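J.: Below: one structure in structure tokens.
Any read-out appearing in this document is the output of simple, stated calculations on the displayed coordinates, not a laboratory observation. Being a predicted model, the structure only gives us computed values, none of them experimental. Virtual Cβ from ideal backbone geometry, glycine too; neighbours counted across all protein chains shown.
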Amino acid sequence: MAFAARCSAVMGSLATAAVLSASAICTPALAQDDTGPLRMGFVTFLSGGAAGPFGIPARNAAEMMIEAINAGEVPAPYNTPGIAGRQIEPVIIDEAGGATKQVAEFRNLVQRQNVDLVVGYISSGDCLAVPPVAEELQVLTVLFDCGTPRVFEEASYKYVFRTGAHAAMDNIAAARYLLDHMPDVKTVAGINQNYAWGQDSWADFTSVMKVLHPETEITTEQFPKIFAGQYGAEISALLVSGSDAVHSSLWGSDLEAFVLQGVARGLFDESQVVLTAGEPALPRLGRQIPDGVIVGARGPHGDLAPPSELNDWFRERFIAKYGDIPVYATYKAAQALLGVKAAYEKAAEAAGGFPTTDQVIAAFEHLEFVGPSGPVTMAIGNGHQAVQENAIGMTKYDEDLGRVTLTNITRYDQWCVNPPDGVSSVEWIKSGMPGAKCE
Amino acid sequence: MIDRTVWGLFAALLVVLGAGFIAADWAQFLLVLALAKGMVVLGLLVLMRAGLVSFGQGLWYGLGCYAAGMAGNFLGVTDAFLLLALGIAASTTVAFILGFLLSRYREIFFALLNMAFSMILFGVLVKTSVLGSTDGFNVLTPTFLGYAPSEAALGDTVFLLTAVISFVVAVLIHWYLGSTMGFIGEAIRENELRVEYLGVSARRAVHIKLMIAAALSGIGGVLTAIAVGHVDPEMTYWTTSGEFVFVAILSGTGSVAAPFMGSIIFEVLRTYAYEYSPYTWQMLMGAVMLLVIIFLPGGLWSALSRSRKGEGK
């Protein structure tokens, strides 16, 4: 990086100068001041298969929360305007395009758009690829939704935090719930998408079942490809297996297609179906999903959130603004933004002024804060990875509300479904989940 | 054979180096990605000169990416030049083997058979949980002949390496295309039967061109993996291969410089489309493609060469 004058002279001779103004490409990052707005990159799927169930709801929640935080309208303890006094100015970009693209766009957010921090990422691949770059550029980065435990188990980062619990607890809680409600389950089958999320979910679930209930027999495991949409052959295999329970981590349009096709062929009557990430599909499925299906929301989100003033406020405001039921991605987006606010303000209080990034990081590590789905603790991954309780429920169509609700909710303590700090979740499950604190 | 094109490429190298070193870091990174992908597109250009389009360049590119990533994580190799050698070896060896089959096909059959092989690699990678399945894994920080640059100097070093390799590769391919074996490509495109009557094996020529394209893609893959620091199976997916064909058509096949120019324009266009229309960037890219096909059927390079001819009159 050098001087703008020299820069534009050279740039003028480039073919690309026709497309770009040379000054835009050469301007070094501006010195950051502490009085203007806090520029926040927000990265979420705006296109592609993950946009509908996760990306767009998360963006809506982020927009709503940023508006409310800036106005100081969030209930206590978040009722001060802005973040440590500064207004948030969001820069929203699409997460589509793969990890290579996202690494480049992350650099663009930081170096071209001069954001002060980045919140985002739904895809686990992006959550693995972005943190090393965040470290290199020394910019605070908060992952809000992606599931893979590998982020903080295979590496440790200074500038990267994840305010949502990782995916191991989805399947630990689902297996515990299945055994709580169906203690004599003998045979289990699975249908999961053939990519990292589906493979890991099934591996976690079967490992937990083998630990908690060693006589469990795996009858069949189906791995249709992602966005297959047609599950005729897989449903036949599941029906033939005659399993007591069927586990699935399908999501989005795949899940809806599977439910419609499975219900029509009686799969949901024959087996107890467990949908670990089923909650976002419920508003769209409505009456088409039968009662009594076990459903998770990747945390105590949505209908599974414990009642609180913050939760009531969040739900009411979201429904009033968008007319949609807030699904789990909206809770996780709100949780990330409130975590950021809590960390900045804790650091500001200690520093007696607007904090530096290092001060925010010190405050963020091992932070305890409250989101719309209850308390969150940045307890593992050296204080960079959140844990929280998990809850699982069963579908029940509510005639009065005119929508599917979750009932028979069982809550699992955060230390019942999460490994202790420094322990890999796969190892922890395989070794029998030592030290798990379940009531 | 130092001709005008070589001097032109050398001038372009100096301009790119000058621009890259004074540009903001994000622009320099974009330039690295564009040049690395430009090498894959250069491989496509070699094939397209022989009338062949491949929808499976992601196979060779992905092999380069994974060779670099796996050599670091499993063998502890971090030297960029060694990684490049491994990447070239991996992609060229596979191209040598598959070439016996691929070189028998032409037109759409060649394009789709290539794609089929790239999708097989994709399928295998997705099934391999040791390699992180679809999430992929992170690549170790590279060293350069014993030199381990600081974090601040790493970007500049990778950029310098990529720019110089792009130049070397462009010159080599320029010489190759000007040789008898290079011109055989155009002869195959025009009339394969005649080529055979002239005593040249068209199959063998295509086989060699395929290996050249694979080697170029392997280099591009290794450099991308080093620059990005992460590899995942999406690099072998057909949409990635499609992107290379997109850039090749955008660039045109008029010169070995065209793929690099087209690739830079493509990356710049896409990143600004991302920023200014986050909801409709795909449509914007599609519109650009349509405009190029309608008004510049020979690609962006044809606009340059046309204006140059105009000057001469």
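J.: Hey, got the dipole for the range B:4-241? About the Cα centre, +1 on K and R Cβ, -1 on D and E Cβ, debye to the nearest 20? Please report the intermediate quantities before stating the final value.
T.: On the way: 11 positive and 12 negative charges, 157 e Å.
Charge dipole, the range B:4-241, about its Cα centre: 760 debye, nearest 20.
J.: While we're here: Going Cα to Cα from A:Lys158, which lysines come in below 28 Å? Please leave out same-chain ones fewer than 8 positions away.
T.: A:Lys101, A:Lys332, A:Lys341, A:Lys346
J.: Over the Cα atoms of chain A, how large are the radius of gyration and the largest Cα-Cα distance (Dmax), in Å?
T.: Reported Rg and Dmax, both Å: 22.6, 77.
J.: Over all residues in B:135-142, what is the mean tally of Cβ atoms on other chains that come within 10 Å of each residue's Cβ?
T.: Details: counts 18, 8, 5, 8, 2, 0, 2, 0.
That works out to 5 on average.
J.: Let me ask something else. Counting other C-beta atoms within 10 Å, which of B:Asp156, A:Asp254, B:Asp135 has the fewest, and how do the rest follow? The partial results should precede the final answer.
T.: Values: B:Asp156 14, A:Asp254 24, B:Asp135 28.
Fewest-to-most ranking of B:Asp156, A:Asp254, B:Asp135: B:Asp156, A:Asp254, B:Asp135.
J.: As an exercise, take the mean of 1/r over every pair of distinct alpha carbons in the protein assembly as shown, invert it, and state the Kirkwood radius in angstroms.
T.: On the way: mean 1/r = 0.0364 Å⁻¹.
Taking every pair of different Cα atoms in the protein assembly as shown, averaging 1/r and inverting gives 27.5 Å.
J.: Between B:Trp175 and A:Ser253, what's the calculated FRET efficiency when r is the beta-carbon distance and R0 is 45 Å? Round to 0.05. It would help to have the intermediate numbers written out before the result.
T.: Working: r = 51 Å, r/R0 = 1.14.
The value I calculate is 0.30.
J.: On to the next question. Once Lys and Arg get +1 and Asp and Glu get -1 on their Cβ, which of A:Pro149, B:Leu14, A:Trp197 lies farthest toward the positive end of the dipole of the protein assembly as shown?
T.: The one lying farthest along the dipole's positive direction is B:Leu14.
J.: Still on this structure, please answer the following. Compute the relative contact order of the range B:4-241 as a whole-number percentage, counting only Cα pairs closer than 8 Å that sit 6 or more residues apart in sequence. Can you show the working numbers first?
T.: Numbers: 374 pairs, mean separation 104.1, N = 238.
Worked out over the range B:4-241, it gives 44 percent.
J.: A further question follows. Highest first, please rank the peptides A:48-57, A:70-79 by the mean number of other Cβ atoms sitting within 10 Å of their residues.
T.: Details: A:48-57: 21.2, A:70-79: 14.8.
Packing proxy ranking, top to bottom: A:48-57, A:70-79.
J.: What does the structure give for A:150-159 when I average, per residue, the other chain Cβ atoms found within 10 Å of the residue Cβ?
T.: Details: counts 4, 1, 0, 0, 3, 1, 0, 0, 0, 0.
Whole-number average of other-chain Cβ neighbours for A:150-159 is 1.
J.: Karplus couplings for the range B:278-288 from phi (6.51 cos²θ - 1.76 cosθ + 1.60, θ = phi - 60°), rounded to Hz, Gly and Pro as x?
T.: After applying 6.51 cos²θ - 1.76 cosθ + 1.60, I find x, 9, 10, 5, 5, 5, 4, 5, x, 5, 4 Hz.
J.: Between A:Ser156 and A:Glu217, what length in nm is gained on full extension when 0.36 nm per residue of separation is reduced by their alpha carbon distance?
T.: Details: separation 61, 0.36 × 61 = 21.96 nm, distance 3.71 nm.
Full extension from A:Ser156 to A:Glu217 adds 18.2 nm.
J.: Just want the answer: with Cβ charges of +1 for Lys and Arg and -1 for Asp and Glu, which residue in B:Ser217, B:Phe55, B:Thr128 is farthest toward the dipole's positive end in the range B:4-241?
T.: Of the options given, the answer is B:Phe55.
J.: Please list the equivalent ellipsoid semi-axes of the range A:167-265, computed as the square roots of five times the alpha-carbon gyration tensor eigenvalues, in descending order and whole angstrom.
T.: Values: eigenvalues 92, 48, 25 Å².
Ellipsoid semi-axes (Å, largest first): 21, 16, 11.
J.: What does the charge dipole of the protein assembly as shown about its Cα centre add up to, to the nearest 20 debye, if the Cβ of each Lys and Arg holds +1 and the Cβ of each Asp and Glu holds -1?
T.: Values: 45 positive and 67 negative charges, 636 e Å.
Around 3060 debye, computed over the protein assembly as shown.
J.: For the range B:66-93 and the range A:236-309, what is the separation of their C-alpha centers, rounded to whole Å?
T.: Cα centroid of the range B:66-93 versus Cα centroid of the range A:236-309: 44 Å apart.
J.: While we're here: Looking only at other chains, what is the average number of their beta-carbon atoms within 10 angstrom of each beta-carbon in B:261-267? Please list the in-between numbers first.
T.: Numbers: counts 3, 1, 0, 4, 4, 0, 3.
Partner Cβ neighbours, averaged per residue: 2.
J.: Test of understanding: ordering A:Trp197, B:Trp60 by Cβ neighbours within 10 Å, fewest first, what list do you get?
T.: Exposure proxy ranking, most exposed first: A:Trp197, B:Trp60.
J.: Quote to one decimal, in nm, the extra length available between B:Phe295 and B:Phe74 on full extension: 0.36 nm per residue of separation minus the C-alpha distance between them.
T.: On the way: separation 221, 0.36 × 221 = 79.56 nm, distance 4.95 nm.
Gain in length upon complete extension: 74.6 nm.
J.: Another question about this same structure. Out of the range A:177-266, which GluC sites (Glu not before Pro) are coil in DSSP terms and have no more than 11 other C-beta atoms within 10 Å? Don't skip to the answer; put the middle values down first.
T.: Working: sites: A:Glu215, A:Glu217, A:Glu221, A:Glu234, A:Glu256; in loops: A:Glu215.
Counting only loop positions with at most 11 other Cβ atoms within 10 Å, the GluC sites (Glu not before Pro) in the range A:177-266 are A:Glu215.
J.: Per residue of the range A:261-274, what does 6.51 cos²θ - 1.76 cosθ + 1.60 with θ = phi - 60° give for ³J(HN,Hα)? Whole Hz please, x for Gly and Pro, Karplus curve as stated.
T.: So the Karplus estimates, Gly and Pro as x, are 6, x, 5, 4, 9, x, 4, 6, 7, 7, 10, 7, 8, 10 Hz.
J.: Ratio of the range B:4-241's C-alpha Rg to 2.2 N^0.38 Å, to two decimals?
T.: Values: Rg = 18.1 Å, N = 238, 2.2 N^0.38 = 17.6 Å.
Against the empirical 2.2 N^0.38 Å value, I get 1.03 for the range B:4-241.
J.: Only helical DSSP H runs with n ≥ 4 go in: add -39500 (n - 2.57) per run for the protein assembly as shown, normalise by residue count and round the 222 nm mean residue ellipticity to 500 deg cm²/dmol. Write out the running numbers ahead of the final one.
T.: Values: 30 runs with 415 residues, N = 752.
Taken over the protein assembly as shown, the calculation gives -17500 deg cm²/dmol.
J.: Now for a different question. What is the spin-label model distance, in nm, from B:Ser150 to A:Glu365 if the labels are put 7 Å beyond Cα along the C-beta direction?
T.: 2.3
J.: Binned at 5 Å from 0, what are the whole-percent values of the Cα-Cα distance distribution for the range A:47-136, short to long?
T.: In order of increasing distance, the bins hold 3, 12, 21, 20, 19, 14, 9, 2, 0 percent.
J.: With labels modelled as points extended 7 Å from the Cα through the Cβ direction, what inter-label distance (nm, one decimal) is found for A:Gln138 paired with A:Glu427?
T.: About 3.2 nm separates the two model spin labels.
J.: Also, quick follow-up: The range A:132-166 to the range B:1-57: how many Å between their Cα centroids?
T.: With the range A:132-166 and the range B:1-57 each reduced to a Cα centre, they are spaced 34 Å.
J.: What's the magnitude of the charge dipole for chain A around its Cα centre, counting Lys and Arg as +1 and Asp and Glu as -1 at the beta-carbon? Answer in Debye, nearest 20. Before the final figure, lay out each step's value.
T.: Details: 29 positive and 50 negative charges, 194 e Å.
Charge dipole, chain A, about its Cα centre: 940 debye, nearest 20.
J.: Using a Förster radius of 22 Å, what is the FRET efficiency between A:Asp180 and A:Asp398 based on their Cβ-Cβ separation? Nearest 0.05, please.
T.: Details: r = 23 Å, r/R0 = 1.04.
Given R0 = 22 Å and the Cβ-Cβ separation, E is 0.45.
J.: Also, quick follow-up: Can you find, among A:Val115, A:Pro419, A:Gly323, the residue sitting farthest towards the positive end of the charge dipole of the protein assembly as shown, where Lys and Arg contribute +1 and Asp and Glu -1 at Cβ?
T.: Towards the positive end, the residue furthest out is A:Val115.
J.: Still on this model: Given Cα positions, please report Rg to Rh for the range B:1-124, the hydrodynamic radius being the Kirkwood one.
T.: Details: Rg = 17.2 Å, Rh = 16.7 Å.
Using only Cα positions, Rg/Rh for the range B:1-124 is 1.03.
J.: Could you tell me the ratio Rg/Rh of the range A:111-228? Both radii from Cα atoms, Rh via Kirkwood.
T.: Values: Rg = 17.8 Å, Rh = 16.2 Å.
Value, to two decimals: 1.10.
J.: Going through the range B:199-285, which chymotrypsin sites (Phe, Trp or Tyr not before Pro) have at most 15 other Cβ atoms within 10 Å and a DSSP loop state?
T.: Passing sites in the range B:199-285 are B:Tyr279.
J.: May I pose another question? Give me the three principal axis extents of the range B:2-66 from the C-alpha atoms, as integers in angstrom, largest value leading.
T.: Cα spread of the range B:2-66 along its principal axes, largest to smallest: 37, 34, 15 Å.
J.: Using the basic label-point model (7 angstrom from Cα toward the beta carbon), what is the A:Lys437 to A:Phe227 distance in nanometres?
T.: So the label points at A:Lys437 and A:Phe227 sit 4.4 nm apart.
J.: For A:Gln113 and A:Glu270 in one chain, what is 0.36 nm times their gap in residues minus the Cα-Cα distance, to one decimal in nm? Don't jump to the answer; show the numbers that get you there.
T.: Values: separation 157, 0.36 × 157 = 56.52 nm, distance 5.45 nm.
Here the segment from A:Gln113 to A:Glu270 would lengthen by 51.1 nm.
J.: Can I ask one more? Compute the separation of the alpha-carbon centres of the range B:222-289 and the range A:357-422 and state it in Å as a whole number.
T.: 39
J.: Which aspartates and glutamates does A:Lys437 reach when only Cα atoms under 20 Å apart count, and residues fewer than 8 places away in its own chain are ignored?
T.: Leaving aside aspartates and glutamates fewer than 8 places away in the same chain, those within reach of A:Lys437 are A:Asp170, A:Asp180, A:Asp204, A:Glu368, A:Glu389, A:Asp413, A:Asp421, A:Glu427.
J.: Mind checking which lysines have their C-alpha under 18 Å from B:Lys127, skipping anything on the same chain fewer than 8 residues away?
T.: Qualifying lysines at Cα under 18 Å: A:Lys225.
J.: Take the Cα atoms of the range B:212-313, build their convex hull, and give its volume per residue in Å³.
T.: Values: hull volume 13.3 nm³, N = 102.
Roughly 130 Å³ of hull volume per residue.
J.: Taking neighbour counts of Cβ atoms within 10 Å as a proxy for exposure, in what order, fewest first, do B:Ser103, B:Ser263 appear?
T.: Details: B:Ser103 21, B:Ser263 29.
Ascending number of Cβ neighbours within 10 Å: B:Ser103, B:Ser263.
J.: In terms of modelled amide H atoms, which long-range or inter-chain residues lie less than 5 Å from the amide H of A:Glu89?
T.: A:Leu38, A:Arg39, A:Met40
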